[in-house]
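Contents: one structure, followed by commentary.
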Amino acid sequence: MATVLGLSIGLTAPALARAQNVACSDDPTYRQQDFALGDWDVYHDDKKTAEVRLEPVLAGCAIRETWTSLSGKGNGLGLFTYSHVLNAWSYAWASDVGAATVFTGESSGPKGMIYVTRRPAEGGGTRVRHWTLAEQADHSILELSVGSDDGGKTWTREYELVWKKHPS
């Protein structure tokens, strides 16, 4: 176990070596979300509501998201990263309307990702939110957010968006 500033961090020697010595561009784990790279038009109920760009940054070790809302509000930035130490993806989001959250994620298949966050629910308890990106047969991307206030027994749809490749 490594000790940093008096804190014990449970890093195995192989995990630490991998985290320090493998280039992200050579590690297939960092490529799990590459299906979403590019420029996209975002639709809600068949109406274009936003544009989004996902691009690799930091030598392929992260993906930056730039979200531009057509309404002028709700613009935001996101950062997707993978940690071999935690064996998980993470996603941090911040917007121009003060919305900010952090998710933990994992691959949900060859062209899909699922991210999870928890926050205090109105009236007490915890709201669990599952947020997914999944490539569809037509190569569009389905963005779906569902939430649960009862520990995952029941789920409600928060929103559903479709991303279509922005014409070049």
>> Tell me the residue from V85, V97 that is outside any strand (DSSP E or B), in contact with a helix residue (DSSP H, G or I) (Cβ under 9 Å, 6 or more places away or on another chain) and either among the hydrophobic types (A, V, I, L, M, F, W, C) or buried (at least 17 other Cβ atoms within 10 Å of the Cβ) (or both), please.
In response: V85
> What residue, of V102, V85, is among the hydrophobic types (A, V, I, L, M, F, W, C), without any contact (Cβ under 8 Å) to a residue 60 or more places away in the chain and out of contact with any Cys (no Cβ under 6 Å at 6 or more places or on another chain)?
Replying inline: V102
>> Condition first: modelled with pLDDT under 95, surrounded by 14 or more Cβ atoms within 10 Å (Cβ to Cβ) and over 28 Å from V22 (Cα atoms). Can you find one or more residues in region 148-168 that meet it?
In response: yes
>> With the structure loaded, tell me whether K111 is closer than 21 Å to V52 by Cα, among the charged types (D, E, K, R) and in contact with a Ser or Thr (Cβ under 6 Å, 6 or more places away or on another chain) or whether it fails that test.
In response: no
> Residues that are over 21 Å from P167 (Cβ atoms): which strands (runs of 3 or more DSSP E) entirely in region 20-82 hold 2 or more of them?
Replying inline: 47-57, 62-69
>> Report every pair of residues separated by at least 6 positions or lying on different chains whose Cβ atoms are under 7 Å apart, first residue within region 51-67 and exposed (fewer than 14 other Cβ atoms within 10 Å of the Cβ), second polar (S, T, N, Q) and not in a strand (DSSP E or B).
In response: A59/S25
>> From the list E122, E143, exactly one residue is acidic (D, E) and under 19 Å from G105 (Cα atoms). Which is it?
In response: E143
> Which ones in region 117-145 are under 18 Å from the mean Cα position of the chain (by Cα), aliphatic (A, V, I, L, M) and surrounded by fewer than 16 Cβ atoms within 10 Å (Cβ to Cβ)?
Replying inline: L142
> What is the residue count in region 82-115 for residues that are under 24 Å from L58 (Cβ atoms) and in contact with a Lys or Arg (Cβ under 7 Å, 6 or more places away or on another chain)?
Replying inline: 2
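The values are calculated or read from the model by the stated rules, or taken from the named source; none is laboratory data. All values reported here derive from a predicted model rather than from experimental measurement. Cβ sites come from the backbone with ideal geometry, for glycine too, and all protein chains shown count toward neighbours.
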